[in-house]
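Worksheet for the structure shown next.
The values are calculated or read from the model by the stated rules, or taken from the named source; none is laboratory data. Predicted model only: the values in this text are computed from it and were never measured. Virtual Cβ from ideal backbone geometry, glycine too; neighbours counted across all protein chains shown. Accessible surface areas use protein heavy atoms only, side chains included; no ligands, DNA or RNA. Shrake-Rupley method; radii C 1.70, N 1.55, O 1.52, S 1.80 Å.
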Amino acid sequence: MADIRNTFVGIKSPNPFWLASAPPTDKAYNVERAFKAGWGGVVWKTLGEEGPPVVNVNGPRYGAIWGADRRLLGLNNIELITDRDLYKNLTEIKQVKKNWPDRAMIVSIMVPCEEESWKAILPLVEATEADGIELNFGCPHGMSERGMGAAVGQVPEYIEMVVRWCKQYSRMPVITKLTPNIADIRKPARAAKHGGTDAVSLINTINSITSVNLDTFSPEPSIDGRGSHGGYCGPAVKPIALSMVSEIARDPDTYGLPISGIGGVTTWRDAAEFLALGAGNVQVCTAAMTYGFKIVEEMISGLSNWMDSKGHRTLDDFAGRAVRNVTDWQYLNLNYISKARIDQDLCIKCGRCHIACEDTSHQAIMKEKDGRRHFEVMDDECVGCNLCVNVCPVDDCITMETLPVGAIDERTGRIVNGQYANWTTHPNNPARKEVIEPAE
Amino acid sequence: MAEARLQEGIAPARLDPADYAKNFSDLHPPFDRHEALVESDRCYFCYDAPCMNACPTSIDIPLFIREISTGNPEGAAATIFSQNILGGMCARVCPTEQLCEEACVREEAEGKPVKIGLLQRYATDIAMDRNLQFFTRRESSGKHIAVVGAGPAGLACAHRLALHGHRVTIYDGRSKPGGLNEYGIASYKSVDGFAQAEVDYVTAIGGINIEQGKLLGQDFSLAALADSYDAVFLGIGLGGVNALRAEGEDAPGVDNAVDFIAELRQATDLSKLPVGRRVVVIGGGMTAVDAAVQSKLLGAEEVTLVYRRGKAQMNASEFEQDLAAAKGVTIRHWLAPKRVIVQFGTVTGIELSYMQLRDGTLTATDATTVIACDQVFKAIGQTLASDGEGVELAGGKIAVDREGRTSNPKVWAGGDCATGGDDLTVTAVAEGRDAAESINRMLIGL
C-alpha cells in the first residue's frame, strides 16, 4: 500500500490534498467538515487587516461554462477575501488546528502593501499555531483595484519586498501565491525566491468573463445589469496551471523551489500530474465546490492505487519525474514519427475522425472501404497530428503508434533512422548550428 | 371492478372509467426541456450520420439535435420540417428502433441509442404549439394539382407543391383528413387530436384546399381529374383488407383490425366501445399489434396474437412485439387460421393449423389447435381498393418509378398504394414530397 503522506516546506499532512483558500475554507464549520471528509490540509480563506471587514456583492458571485450534460468545466467568481471579522477567523483557526493537529493549517493573508500592515497581522496569525501562511498576491478582482492581490503579484519588486517582511516578522513558513495574469510566470516566482519565500503556490484565478447575457447584454455573473471580470478556475484552467508550474519547476533560477500546485485539480489523476510536473502538493477548490468534500476519497484511493500499480512507495518516488521531459520546441525530436491507428473493434463509426481530418487537417482518414462505412488511417497522408485521437468519443479507439527504427514513413518515403535530430541543426533552419544541441 | 369485466362475448365497459384514460395516454410521454437537453448532449454529431441515412426522409438529425442542445429548438424544427413536414407525427409513430435509432452509433457503442424520436417530438411540438411556420409559398404558378387522399403521402405532396407556388385540391374519402394518421394509428401513439392539428399546421402554408367525403372511383374518376388538373397525385393508401380464407370468417365477431383501430381512434367514449373477453388477432404486422394491444387496453381478459410464421419474420418491430408482450398479449407463432368456430351465431373459438416450412414453402401440417375466443380480428394485410383506373399495377400496387411517376404521364402516386418502400408513415411522406418535386419539375419544364 502506497504511503501518500506529504511534507511540504516542513508542514506535514496525511495526504497531498489541501483545500485552497476560497469559500470552502472561510469558517470553522466548513473546514471541520473538510477534515472529517479526509482532506490533508486547508489554506484558510484570505484574512485582511483588522477593522471593518470587506463587503461582498449581494447578487451572483459565480459564473460558469459547461460541457456536455452540463458538467461544470470552468467557474469564475467575484467574491473578495473573507468578509468576516479578523478575530473571529483567528479564534476559529486556532480551535480547528487544535482539533485536527495532524492536518495542515495554512492561513492566507492579504493586507495593504505597507510594512506596518504586515508587521501587525503576522503575530496575530502566528498566535493561532497555524502551520504556515500563504500570501495572496493573486486575487484578480476587487482587491486588486485597492492595490492588493494581483496588483502586487504583477509587480515582482513588490512581491520580493512583502515576502521579505513576512520572513522578517514571522517564523512561519511562507508560501507565495502567484497570479497567472502576467506574461512570464517565472518573474514573480524568482522575485518571491529572492525575497526568501519557502514556496510558491499557483495558479490563482484568471481574469475572465464567463458569458454575456444576450437578453440584457450584461456580462455574467451580473449584478444589477453589470458585470466585472472575475477569477476563472476549474478543469478548464488545468492546462494553463500545469504549464506555469512546469515553467517554474524547470527554471534554473527557481529550480528546487517548492511549489503547491493549484488549478483545476478534479481527480487523483490531475493531482498526480501536478506532482509529476514538480508540485510538492496540490490545492483543490472548484471540484469541491462542484461535488462537495467527499471527492477527496476518490483522490486518495485513486492516487494510492496508481502508485501501487507503478511501484511508487512514496510521493517522492515520482515527484518531479515529468519536469525533465518539459523542453523547448526546438529540442523536440524531428526524427520521431507516429501514425494514428484506429481499432476497428472499438470503432463505432461516428466518422468524426474522418471529418476532422478531411475538413481541417490532412485528408488522411478514409471513410469507406469495399462500399462500406469504414474509417482507416492512410499512412501516406497521416502526419501523426493526434487530432483524430482527440475528437474520437471512444477511449483508446484511436491511438498513436510510433514507427519503429527501420520502418518507412509512407508519407515522406524516408526510413526511420532512430537518431535524435532537432530544429537546431535542421537544414531548413536559417540559424542552424553545426553540432546538435541536446534537450536539457 | 367494472361489472362487464368478465362478461362473455363482445361487450363494452369492461374497465373502470378511470382506467380508460390511463390505458390510452401517451405511450412515450414527451421530453421536458431538461430531458431534451440531457439527451441532446449524447449525440456525437457524426459525419455523414448513419441515423440520417437510415431516415426515409433524410432529416439532418445531428444538426437538429445540435440545435436543440444549443437552445434553438425552433431551428431544430425548421431543420426537421424542411425534409419532413409531418415530422411531428413521424416523431410519434416511426419505428425508430428499426430506422434512425437502430443506426445510431451509440446503439453500437452502448446498446443505447440517442432517443432521436423523442428529441424530434420535442422540437416539433414547440414549433407546432406556437404555430411557427417556416415556409413561404413562392409566387403563384397558375398550376392546379389534384391530390387524392389526405394521408401522409397526400399531405406531404400537397405541402411541397404549395411551397412551389402551385394550387392544390385534395380529395379525401373519409369525413376527416389525415388518412392513417387519423384512422390507422393506435390511440396511445397520437393523443389529443394531434393528427388534425398537424393537418392544420401543414395546410397553413396556404394554397391547399381539402374536400372531404370524395372517394376515387365513386365520386369522381381518375380520367376526369387528369383532364381537369395539371397533374394528379394518388395517395390513396390500401383501402381493402385481405381475407383469412378460413371457414366461418363471415360470422359476426370476425372483424377487420383496421376498422377496430379506426373506430377506437374516433370514439369519444371508450367505455362504449365493445371488445371480446377473449380476443384472437391474426397477423404479424404493426396493425396486428395495435389491435391486440388496444383490445387488451380496452379490457379484454385474454388476447392472443397469432402469426403463421416465426418471430423473426414478423413485420412488427422488436419494440412493438415487446410492447405487446408487456401489455399482456400472448404471441403465438407458426399457426394459421383454419376455421372460425361459430355456435349459435357467435364466435366461440378459432381452429388453427400448425405451420411449417417445407423446402422453403410455408405449409400447414395436419396438427391443429383451438383457441377459445369471442372475437377475431383480421390483420393479415391490406390491398389496393382501386383497380388503378387505367394506371399500371405491379404486385397489387400502383407501379411507380423512383420519382413516383405512374404509367400515365399526368399521374403520380406514393405512400402505401404505390410500389417502392416500406408501408410506413415516414416512407409515405418521403414519396409524397419527392413526387411533388417531380411534378414541379414537369410543370415548370425543367
Over the range A:6-325, what relative contact order in percent results from Cα pairs under 8 Å that are six or more residues apart? 17
Fraction of beta bridges assigned by DSSP in the protein assembly as shown that are antiparallel (%, nearest 5): 45
Once every Cα of the range B:260-408 carries one equal point scatterer and solvent is ignored, give the base-10 log of I(q)/I(0) from the Debye formula at q = 0.09, 0.16, 0.20 Å⁻¹, two decimals. -0.36, -0.94, -1.18
To the nearest whole number, what is the average tally of beta carbon atoms from other chains within 10 Å of the beta carbons of peptide A:351-361? 2
Over 32 Å between Cα atoms, which of B:LYS143/B:LYS189; A:LYS349/B:LYS311; A:LYS36/A:LYS238; B:LYS296/B:LYS338; B:LYS115/B:LYS214 qualify? B:LYS143/B:LYS189; B:LYS115/B:LYS214
In a shell of Cβ-Cβ distance under 14 Å around B:THR383, excluding B:THR383 itself, what net charge do Lys and Arg (+1) and Asp and Glu (-1) give? 0
Under a crude label model (7 Å from the Cα following the beta-carbon direction), how far is A:ASP308 from B:THR365 in nanometres? 5.9
Cα pair distances of the range A:336-402 binned at 10 Å [whole percent]: 24, 60, 16, 0
Give the lysines whose C-alpha is closer than 29 Å to that of A:LYS119, dropping any in the same chain fewer than 8 places away, or say none. A:LYS12, A:LYS27, A:LYS45, A:LYS88, A:LYS94, A:LYS97, A:LYS98, A:LYS167, A:LYS177, A:LYS187, A:LYS193
Along Cα→Cβ, 7 Å out, is where each label goes; now give me the distance between the ones at B:PHE45 and A:GLU145 in nm to one decimal. 3.7
How large is the translational diffusion coefficient of the range A:143-210 in µm² per second when you combine the Kirkwood radius over alpha carbon pairs with Stokes-Einstein at 20 °C and 1.002 mPa s? 177
Of A:GLN330, A:GLN419, A:GLN154, the most mobile residue in a GNM of chain A (C-alpha springs, cutoff 10 Å) is A:GLN419
With a cut-off of 8 Å between alpha carbons and a minimum separation of six or more residues, what is the relative contact order of the range A:100-150 in percent? 42
Can you list the residues of the range B:94-112 that have at least 30 square angstrom less accessible area with all protein chains present than in their chain by itself, probe 1.4 Å? B:VAL105, B:GLU108
Within 10 Å of the Cβ of an average residue in A:367-376, the count of other chain Cβ atoms is 1
Counting only protein heavy atoms, what percent of the accessible surface of the protein assembly as shown is carbon or sulfur at a 1.4 Å probe? 49
Computed over chain B: longest principal axis from alpha-carbon atoms vs helix B:286-297 long axis, angle to nearest 10 degrees, is 60
Give me the accessible area per residue for the protein assembly as shown, probe 1.4 Å, as a whole number in Å². 45
quick shape note, the range A:218-322: Cα extents on principal axes in Å, largest first -> 55, 37, 16
Dimensions (Å) - the range A:269-399, Cα atoms, principal axes, largest first: 53, 38, 27
Considering only chain A, percent of DSSP beta bridges that pair antiparallel, nearest 5: 50
Report the A-B buried area as the accessible area lost on both sides summed, probe 1.4 Å, in Å² to the nearest 100. 1100
Can you give the three extents of the C-alpha atoms in chain B along their principal axes, from longest to shortest, in whole Å? 66, 54, 48
Among A:CYS392, A:THR412, A:THR402 - extreme Cα towards positive end, dipole of the range A:371-413, charges at beta-carbon: A:CYS392
State the Kirkwood hydrodynamic radius of the protein assembly as shown in Å, one decimal place, computed from all pairs of distinct Cα atoms. 33.3
Value of relative contact order over chain B, rounded to a whole percent, pairs C-alpha under 8 Å and six or more apart: 18
With Cα coordinates, the longest principal axis of chain A makes an angle with the long axis of helix A:156-169, in degrees rounded to 10, of 50
Surrounding charge for B:LYS112, neighbours by C-beta under 13 angstrom, Lys/Arg +1, Asp/Glu -1, total -4
Average projected area of the Cα convex hull of the range A:6-325, in nm²? 15.8
Computed helical MRE - 222 nm, chain A, DSSP H runs ≥ 4 contributing -39500 (n - 2.57), nearest 500: -8000 deg cm²/dmol
Total charge of the residues flanking B:GLN343 in space, meaning their Cβ is under 12 Å from its Cβ, with Lys and Arg +1 and Asp and Glu -1, is -2
So how do A:158-171, B:191-204 stack up, highest first, on mean other-Cβ count within 10 Å? A:158-171, B:191-204
What is the average number of partner chain Cβ atoms found within 10 Å of a Cβ in A:66-77? 2
Length gained, B:GLU8-B:GLN313, 0.36 nm per residue minus C-alpha separation, equals 106.5 nm
By residue number, which cysteines of chain A lack any other Cys whose Cβ falls under 4.7 Å from their Cβ? A:CYS113, A:CYS139, A:CYS166, A:CYS233, A:CYS285, A:CYS347, A:CYS357, A:CYS382, A:CYS385, A:CYS392, A:CYS397
Once you wrap a convex hull around the alpha carbon atoms of the range B:65-144, what is its projected area averaged over all directions, in nm²? 6.9
With everything on Cα atoms, drop me the angle between helix A:115-126 and the longest principal axis of chain A, reported from 0 to 90° to the nearest 10. 90
How many times 2.2 N^0.38 Å is the alpha carbon radius of gyration of the range B:143-199? 1.18
Here the FRET efficiency for A:ASN429 versus B:ARG441, based on Cβ atoms and R0 = 60 Å and rounded to 0.05, is 0.45
Work out the FRET efficiency for B:ARG332 and B:GLU263 from their Cβ-Cβ distance, taking R0 = 35 Å, and round it to the nearest 0.05. 0.85
Work out the FRET efficiency for B:LYS112 and A:TYR291 from their Cβ-Cβ distance, taking R0 = 30 Å, and round it to the nearest 0.05. 0.75
